[in-house]
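**Student:** If you scroll down you'll find the structure; I have some questions about it.
Throughout, read-outs are computed from the coordinates displayed, never taken from laboratory work. Since this is a predicted model, take the numbers as computed values, not measurements. Positions of Cβ are generated from backbone atoms using ideal geometry, with glycine treated the same way; all protein chains shown enter the neighbour counts.
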Amino acid sequence: MRLEYFQMIDRFVAVDVGGRVARAICKVPLQSTVFEGHFPGYPLMPGVLLIECMAQTTGWLVSAVTGFTGLPALAGVKEGKIRNAVFPGDELEFEGKVIHDGSGYAIGEAKGWCKGAAICDATLTYRIIPYPSPELRAGLWEWAERINFPAKEFAK
Amino acid sequence: MSTTFDKVAEIIAETCDIPRENIKPESHAINDLEIDSLDFLDIAFAIDKAFGIKLPLEQWTQEVNDGKATTDQYFVLKNLCERIDELIAAKGA
């Protein structure tokens, strides 16, 4: 997890685009400037960053389901719940599902666990927006390779 | 048996917390009911699910942006319901 870069996923461990489900591992770093402020003397992973982990896990899957035809921009978080505290060094597992692939939007459901215990879940809405630049789309392949996501296989 | 309009009006009332009696076939979803684009995604999701269709929002938006259609054609509810009925018929064809 590269917290300061908002790149939350270390690697995907399962991607089933046909089944519309994917699982990813995100290891919380031991050190980060985030923990200097949240909170001084009590480093605690911010809940909004757990939402981001769920959004990125499901977002990559939305990209694959929609053939990498646009960028899935997080537009809505419903029933978002943070169920347990997460600390530096924790290894987290997230599962994202695409429950609906609409025209220009998608709906996902995501959950997260730490050591087998549920830590968070939410229903996520994405708008699929045109890639703002060809460079962004081209850069996705290298990023995908780094996190073990089979992106090129599903690109239209 | 409820009509397409009844079902759509029910979805809009529930999704956007708009009193059901304010939702009429002549209502324009954006101009009259003041539904914004994000709330409309929730409505589209509920309509897609309820009727087993996929509202072609991208195509409609493109047509409006290109001046080939007006928002009335897709967002006045009686017209939206006609489009829904067409999509349902096309699915069964």
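**Student:** Looking at this structure, is B:LYS49 surrounded by fewer than 17 Cβ atoms within 10 Å (Cβ to Cβ), within 11 Å of another protein chain (Cβ to nearest Cβ), not hydrophobic (A, V, I, L, M, F, W, C) and not in a helix (DSSP H, G or I)?
**Tutor:** no
**Student:** Identify, please: which residue in region B:1-46 is basic (Lys, Arg) and assigned to a helix (DSSP H, G or I) and is, among those, farthest from the other protein chains (Cβ to nearest Cβ)? Walk me through it before giving the result.
**Tutor:** Pass one, region B:1-46, residues basic (Lys, Arg): B:7, B:20, B:24.
Retained after the next criterion (residues that are assigned to a helix (DSSP H, G or I)): B:7, B:20.
Values: B:LYS7: 18, B:ARG20: 22 Å.
Filtering first and then ranking leaves B:ARG20.
**Student:** Also: So A:ILE129 ticks every box in (1) surrounded by 18 or more Cβ atoms within 10 Å (Cβ to Cβ); (2) within 27 Å of B:ALA44 (Cβ to Cβ) but one. Which box is left unticked?
**Tutor:** (1)
**Student:** Which pairs have Cβ atoms under 6 Å, sit 6 or more apart or on different chains, and link a residue in region A:64-82 that is among the polar types (S, T, N, Q) to one that is buried (at least 17 other Cβ atoms within 10 Å of the Cβ)?
**Tutor:** A:THR66/A:ILE128
**Student:** Also, quick follow-up: From (1) over 19 Å from B:LYS49 (Cα atoms); (2) under 18 Å from the mean Cα position of the chain (by Cα), pick out the condition that doesn't hold for A:ALA138.
**Tutor:** Condition (2) is where A:ALA138 drops out.
**Student:** With A:GLU52, A:GLU93 as the choices, which residue is of a type in the set (D, E, K, R), assigned to a strand (DSSP E or B) and surrounded by 14 or more Cβ atoms within 10 Å (Cβ to Cβ)?
**Tutor:** A:GLU93
**Student:** Related question: Could you list all residues from region B:52-72 that are within 11 Å of chain A (Cβ to nearest Cβ), assigned to a helix (DSSP H, G or I) and of a type in the set (A, V, I, L, M)?
**Tutor:** The answer is B:LEU57, and nothing else.
**Student:** Sticking with this one: Return yes when B:ILE88 is in contact (Cβ under 8 Å) with a residue 12 or more places away in the chain and surrounded by 16 or more Cβ atoms within 10 Å (Cβ to Cβ) and no when it is not.
**Tutor:** no
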